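To start, the structure itself, in structure tokens.
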Amino acid sequence: MNNTTPIKNYKLELSAAPHIHSKWSTKKAMWLVILSLVPVLISSIIFFGLKQLSIISVSVAFCLLTELTIKKLRKKEVTLDDGSAIITGLLLAFILPPNFSLFATAIGAIFSIGIAKELFGGLGFNIFNPALAGRAFLQAAYPVSITTWTKPNYDVDTITSATPLAAYKFDKISTDLSSLFWGNVSGSLGETSALAILIGGLFLIFIGVVNYRIPLAMILSLIFFSAIFWIIDPFKYQNPIFHLLAGGFLFGTFFMATDWVTSPITSKGMWIYGILISFLIVLIRNFGGLPEGVMYAILIMNSLVPAINRFTVPKIFGEKK
Amino acid sequence: MNKKSYSYEFVKGIWEINPIFKQILGMCPTLAVTVSVINGIAMALATTFVLVFSSFLISLIRKLIPNQVRIAAYIIIIASFVTITDLVMKAKFPEMSKSLGPFIPLIVVNCIILGRAEAFASKNNILKSLLDALGNGLGFLIGLILISSIRELLGSSSILGFKVLPNSFDPLIVMILPAGAFITFGLLMGFFNSLSLRKKESEKEKLIKKYSDKLIKSSNELVEN
């Protein structure tokens, strides 16, 4: 090839505006998200044992494998090193119950990447959060085994117990807040320890990978909405702090709802998105048939993100009303 | 293939204008009854029976029906055959009739039958209409068997009631729920669309190559002259 015209060797691609300015490359940000998940990983191993590493590794491996296969089939550039498939795999594993069947984990991983992400066009085009979509599919496919929760800190995996939310909803047994904070309760692998999630989530906010608006909107409005019901009937409905710490709320707040692709891009939109998610969560938890509603609340709001973006376009400076 | 030939009228229903994957008609039975293969086959056979006989009758009296009341006339013809099917199934196959439930009487408003009556049988002669109805019925049967076998295999790990997959396979309950029908149908349709798209692309490329070759040849001749 002729060396005097090197510009021809570059493939310059431009996409339509708006372009979001960011100091992070996708790759670097993704690896920082993976780093922020380390405390959650440690907490899941502490409370549910080293055995759970098999679920996590199967989930990550099948996510990577599916992504590789589909990229090859569609004859696209293989971009495994951007880490997005690893994040999906980790997130999916962290929202599955401990000792979940490995076969089903693999199916969930394949659904997450194959259908929820790649069929919609790959990273950046998916409407729904891939890990949550995979979990929703597993919830429909294996309704019994996905709601079988192992008690933490037990070597025998036959001892099952209800999650704090289910225990309160069906039997009115409340769990003390300190064990909810440390994570010594039954629940999905990564969602039990509020402390570990807060370390990872605040790290993401402080280094600027995740915008503070969505988590702040979600936490404030969850406290607000659940306080309304708590004041009305403190026995029937749990207090706001319990709602904040129990179940997958904090994990969903910091790692699921803030997903770049499936959350609004405008500041006003982020507030609306966060408030509506919390509203749906309180609605499902207090009045729905299921004890936990974080997954469905975020998925429902994911589908509304294009509409939120459209209606919250900021006014151009100097524009007349 | 000659577009006017009789064999074409039969064959086109299987792939080219397949009622499920190309015309996207009859979605309601397609999504609802494909829980098991046997249900799918029974539904397709019942629909085909009504389709063939109503197409035949409509084609026979197509010149007698005034244009303004044609839909009403078609519905009466279709409804009478559906009633026959429903009664026969209740008498001879009560189990099947129960599992298909309201979907047998609903064949009256099945879009495939009305669609073929309006689009084909009312304009063509009896033999062509019969072949068209048979072809569409066969296409419907193939589509239903395809969807229902995937759903039954994954949802209850069996095909036609025989256990196929080993016990270690945990059946995916979602596949026998309505959501499974949408997922299966969507994936199959995407697959078939990509197949026909690929075919179209290759035909286009062939055509371009043919004409560009001709162009090069003629320009070469021009240069030589």
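The values are calculated or read from the model by the stated rules, or taken from the named source; none is laboratory data. Every value quoted in this text rests on a predicted model; they were computed, and no experiment measured them. Please note: Cβ atoms are built from the backbone with ideal geometry, for glycine as well, and neighbour counts cover all protein chains shown. The area values use the complete protein model at the heavy-atom level, side chains included, leaving out ligands, DNA and RNA. Shrake-Rupley method; radii C 1.70, N 1.55, O 1.52, S 1.80 Å.
Residue by residue, here is whether (1) open to solvent by 60 Å² or more (accessible area, probe 1.4 Å); (2) among the charged types (D, E, K, R); (3) within 15 Å of the chain's Cα centre (by Cα); (4) modelled with pLDDT of 95 or more holds:
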{"site": "A:S15", "(1), (2), (3), (4)": "yes, no, no, no"}
{"site": "A:P18", "(1), (2), (3), (4)": "yes, no, no, no"}
{"site": "A:K23", "(1), (2), (3), (4)": "yes, yes, no, no"}
{"site": "A:I34", "(1), (2), (3), (4)": "no, no, yes, no"}
{"site": "A:I42", "(1), (2), (3), (4)": "yes, no, no, no"}
{"site": "A:K51", "(1), (2), (3), (4)": "yes, yes, no, no"}
{"site": "A:V78", "(1), (2), (3), (4)": "no, no, no, no"}
{"site": "A:T88", "(1), (2), (3), (4)": "no, no, yes, no"}
{"site": "A:N99", "(1), (2), (3), (4)": "no, no, no, no"}
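Surrounded by fewer than 19 Cβ atoms within 10 Å (Cβ to Cβ), closer than 25 Å to B:I84 by Cβ and free of Cβ contacts under 8 Å to residues at least 40 places away in the same chain: is that true of B:I61 in this structure? Yes. Set side by side, the residues A:I281, A:I272 differ, and just one is open to solvent by less than 10 Å² (accessible area, probe 1.4 Å), in a helix (DSSP H, G or I) and of a type outside the set (S, T, N, Q), which is A:I281. Only one of the numbered conditions (1) under 30 Å from A:L216 (Cα atoms); (2) in a helix (DSSP H, G or I) is violated by A:I127, and that is (2).
Search the stretch A:59-87 for residues being basic (K, R) and in a loop (DSSP other than H, G, I, E, B), and hand back the single one that is nearest to A:G114 (Cα to Cα). Ranking the qualifying residues of the stretch A:59-87, first place goes to A:R74. Restricting the stretch B:168-205 to residues that are within 13 Å of chain A (Cβ to nearest Cβ) and more than 24 Å from the chain's Cα centre (by Cα), which is surrounded by the fewest Cβ atoms within 10 Å (Cβ to Cβ)? This residue is B:S168. The C-beta contact set for the stretch A:137-148 (first residue more than 8 Å from chain B (Cβ to nearest Cβ), second residue surrounded by fewer than 16 Cβ atoms within 10 Å (Cβ to Cβ), distance under 8 angstrom, 6+ apart or interchain) comprises A:T148/A:T160.
Scanning the stretch B:157-167 for residues that are in a loop (DSSP other than H, G, I, E, B) and either surrounded by 16 or more Cβ atoms within 10 Å (Cβ to Cβ) or within 8 Å of chain A (Cβ to nearest Cβ) (or both) yields a single hit, B:S157.
Taken over the stretch A:101-124, residues that are open to solvent by 10 Å² or more (accessible area, probe 1.4 Å), more than 11 Å from chain B (Cβ to nearest Cβ) and not in a helix (DSSP H, G or I) amount to 4. With open to solvent by 20 Å² or more (accessible area, probe 1.4 Å) and in contact with a Leu (Cβ under 8 Å, 6 or more places away or on another chain) as the only criterion, which of A:W149, A:W182 stands out? Answer to the selection: A:W182. Sort out which residues of the stretch A:245-266 are more than 19 Å from A:A29 (Cβ to Cβ) and surrounded by fewer than 20 Cβ atoms within 10 Å (Cβ to Cβ), and write them in order of number. Of everything in the stretch A:245-266, just one residue is more than 19 Å from A:A29 (Cβ to Cβ) and surrounded by fewer than 20 Cβ atoms within 10 Å (Cβ to Cβ), namely A:T266. Looking only at the stretch B:107-128, count how many residues are modelled with pLDDT of 90 or more, open to solvent by 70 Å² or more (accessible area, probe 1.4 Å) and within 13 Å of B:L51 (Cα to Cα). Of the residues in that region, 0 qualify.
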